[in-house]
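One structure below.
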Amino acid sequence: MNLNITMGQYYPVDSFVHRLDPRTKILLTILMIVAVFMVHSLVGYALVLAFLYWAAKCSNVPFKMLMKGIKPLRIILILTFVLNLFFSNGTTPLIDWWIIHITREGLTQAVHYSLRLVFLGTSLMTLTTSPIALSDGIELLLSPLKRFHFPAHELAMMMSIALRFIPTLMEEADKIMKAQMARGADFETGNLFARAKAMIPLLVPLFVSAFRRAGELAMAMEARCYHGGENRTRLRKLEITKNDYLAYGAVLALILLIVLEGVVVSHIGGIF
């Protein structure tokens with residue numbers, strides 16, 4: 001079982017990124033996604049890579065943990081690259097042999113989509129934000145919708161609980177798999193249907209454990225008189241500081257550089 005999943009994990013250290021307001025980190029993550037999809041050349045991806053490297057250094061999170069967030073995407077990356085490489089339409093052929101038709105446009109599109117998945121696979125926000133702070137940030141960002149009877153608090157709570165239980169369920173799945181393998185279960189041999197059938201002894205106890213944990217969590221919340229977000233107060237109030245404005249300025253500067261780089265590349269005919 002591959003446990004190299006960092007989504008939902010929190011790396012508790014003191015750093016510039018950890019001290020940022022969770023609302024800032026959520027909005028900056030959205031802006032980074034927009035910035036990645038605005039890139040159309042290798043120079044733009046180099047700018048994004050340099051910015052992510054700088055952000056990782058400011059967060060004091062080991063690069064090994066950041067790379068763990070990309071490892072589960074390996075199969076998706078390979079499929080994305082291969083499908084775009086062989087099935088994209090193009091007019092400039094690079095390889096035309098038998099049933100293999102690779103064009104310059106297909107290669108460009110395959111590289112673009114693969115790099116976008118790599119950059120979006122980083123989980124710096126969840127690694128530097130505790131589940132409680134993330135829940136408060138989502139709730140405050142969605143609070144203007146409360147006037148339209150939107151369940152902002154409930155949605156934020158569900159999202160934070162889901163993120164928190166991803167590593168827990170993966171660890172539970174690993175324990176169940178090792179216990180089944182010790183009893184003679186085989187999860188690695190056979191065709192695709194045989195492997196899918198072999199997963200049934202793993203999925204059933206995993207679902208039972210998940211429902212049990214959900215019941216225990218509900219009982220614990222009721223025992224602590226949890227009644228949703230109505231009249232709820234916070235021990236620490238979130239405040240926007242000058243560091244948050246600096247972070248906004250850095251991301252907006254990156255987006256401006258990407259826009260300017262795109263204009264320059266469009267005039268010189270692109271990198272590829």
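Can you name the residue in the stretch 97-114 that is open to solvent by 50 Å² or more (accessible area, probe 1.4 Å) and of a type in the set (A, V, I, L, M, F, W, C) and is also nearest to the chain's Cα centre (by Cα) among such residues?
Taking the candidates together, the pick is L107.
Mind checking which residues of the stretch 151-177 are without any contact (Cβ under 8 Å) to a residue 40 or more places away in the chain, closer than 23 Å to P72 by Cβ, over 18 Å from the mean Cα position of the chain (by Cα) and open to solvent by 60 Å² or more (accessible area, probe 1.4 Å)?
Selection gives K175 alone.
Only one of (1) open to solvent by 60 Å² or more (accessible area, probe 1.4 Å); (2) under 21 Å from A250 (Cα atoms); (3) of a type in the set (A, V, I, L, M) is not met by L94, so which one is it?
Against the list (1) open to solvent by 60 Å² or more (accessible area, probe 1.4 Å); (2) under 21 Å from A250 (Cα atoms); (3) of a type in the set (A, V, I, L, M), L94 comes up short only on (2).
Just checking, which of M221, M181 is over 21 Å from the mean Cα position of the chain (by Cα), assigned to a helix (DSSP H, G or I) and farther than 30 Å from K25 by Cα?
M181
Within the stretch 231-247, how many residues are surrounded by 10 or more Cβ atoms within 10 Å (Cβ to Cβ) and either of a type outside the set (K, R) or at pLDDT 85 or above (or both)?
Adding up the residues that qualify gives 8.
Pairs only if they're at least six apart or on different chains, beta carbon under 7 angstrom, first in the stretch 133-149 and farther than 18 Å from R19 by Cβ, second outside any helix (DSSP H, G or I); list them, first residue then second.
E139/G229; L142/F150
Taking the stretch 63-91 as the region of interest, how many residues are open to solvent by 50 Å² or more (accessible area, probe 1.4 Å) and out of contact with any strand residue (DSSP E or B) (no Cβ under 8 Å at 6 or more places or on another chain)?
Total satisfying the criteria: 15.
The values are calculated or read from the model by the stated rules, or taken from the named source; none is laboratory data. Bear in mind that the values here come from a model prediction, so they are computed numbers and not experimental data. Heads up, the Cβs are rebuilt from the backbone with ideal geometry, glycines too, and the neighbour counts pull from every protein chain shown. Only protein heavy atoms, including side chains, enter the accessible area calculation; ligands, DNA and RNA are left aside. Shrake-Rupley method; radii C 1.70, N 1.55, O 1.52, S 1.80 Å.
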